[in-house]
Amino acid sequence: MSLQKYQTELIEHSLSAGALMFGTFTLKSGRLSPYFFNAGLLASGPVLDTLCSAYAATIAAALKGSPGLPEFDVLFGPAYKGIPFAAGTALLLHREHKIDVGFAYDRKEAKDHGEGGVTVGTPVKGKRVLILDDVATAGTAIRGAIDIVRREGGEVVGAVLLLDRQEVGKAGRSTIAEVEELLGGKGRVPTILTMQNLMAWLQDNGRTEELEKMKAYYDEFGAKDAA
């Protein structure tokens, strides 16, 4: 598997920032994972530049794909990690790809004064909305964001992920396939990185022991329809 330049840069920046780690980690599901990704640690100017450039490149490519991502009006970044991701990606979509969209995010608690409401930024009511998310395992966060946007009157046309762990979802299929079905079909959930991308990087860099642990984990828990 050949990696794009922005994928390699994002993996290496994430390792340097401590956001991507290889080892043994207990997930919320109780599974023992050979790697862990904490997008909250992607918190410096250079790393944010790399990340949002990767989001923007992935979105621009998906808009031209077949089946592709539909046109959209607003990027939605779920609080709190998604807020800088949505702002930075909107900026880079404009600067690097000439795609002009608004961005919005949610409050943890609704505000009953001022502009009020649950969302902040570009109003999502009556708009086509693309959700940004970081890591998908069971898809719980994406489903929550979809519910928020729909309650606010927006139409969710897709979601773009930083990392797809490529594990089985609630129905025994890949989480991505389940969310795509929820949003209208294949191509609605493009991803920057997958577990297989991480394995390709490990192989390219001769990190054999970590690669073997990743392969064993994927063999046990991976969603084969995500391959």
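Screening the candidates PRO70, PRO34 for the property of being modelled with pLDDT of 90 or more and assigned to a loop (DSSP other than H, G, I, E, B) yields one hit, PRO70.
Scan the stretch 1-21 for residues that are exposed (fewer than 15 other Cβ atoms within 10 Å of the Cβ), part of a helix (DSSP H, G or I) and either modelled with pLDDT under 95 or small (Gly, Ala, Ser) (or both) and the total you get is 2. Checking each residue in the stretch 150-169 for being in contact with a Gly (Cβ under 9 Å, 6 or more places away or on another chain) and under 19 Å from LEU27 (Cα atoms) picks out ARG165, GLN166, GLU167, VAL168, GLY169.
Examine the stretch 22-38 for a residue that is touching a strand residue (DSSP E or B) at 6+ places or on another chain (Cβ under 7 Å), more than 22 Å from LEU198 (Cα to Cα) and either open to solvent by less than 60 Å² (accessible area, probe 1.4 Å) or not acidic (Asp, Glu) (or both), and state whether such a residue exists. Scanning the stretch 22-38 turns up no residue that is touching a strand residue (DSSP E or B) at 6+ places or on another chain (Cβ under 7 Å), more than 22 Å from LEU198 (Cα to Cα) and either open to solvent by less than 60 Å² (accessible area, probe 1.4 Å) or not acidic (Asp, Glu) (or both). If you go through the stretch 94-110 one residue at a time, do you hit one that is of a type in the set (Asp, Glu), without any contact (Cβ under 8 Å) to a residue 24 or more places away in the chain and closer than 23 Å to GLY144 by Cα? Yes: one or more hits. Of the helices (runs of 4 or more DSSP H) contained entirely in the stretch 148-226, those carrying at least 1 residues that are modelled with pLDDT of 95 or more and buried (at least 21 other Cβ atoms within 10 Å of the Cβ) fall at 195-204, 208-221. Residues that are at pLDDT below 95 and hydrophobic (A, V, I, L, M, F, W, C) were ranked within the stretch 101-131; the one that is surrounded by the most Cβ atoms within 10 Å (Cβ to Cβ) is VAL118. Of all the criteria given as (1) assigned to a helix (DSSP H, G or I); (2) open to solvent by 20 Å² or more (accessible area, probe 1.4 Å); (3) hydrophobic (A, V, I, L, M, F, W, C), the one not satisfied by CYS52 is (2).
The values are calculated or read from the model by the stated rules, or taken from the named source; none is laboratory data. Please read all numbers here as calculations on a predicted model, not as lab measurements. No Cβ is skipped: glycine too gets one built from the backbone with ideal geometry, and neighbour counts run over all protein chains shown. Quick note on the areas: whole protein, heavy atoms, side chains included, nothing else; ligands and nucleic acids left out. Shrake-Rupley method; radii C 1.70, N 1.55, O 1.52, S 1.80 Å.
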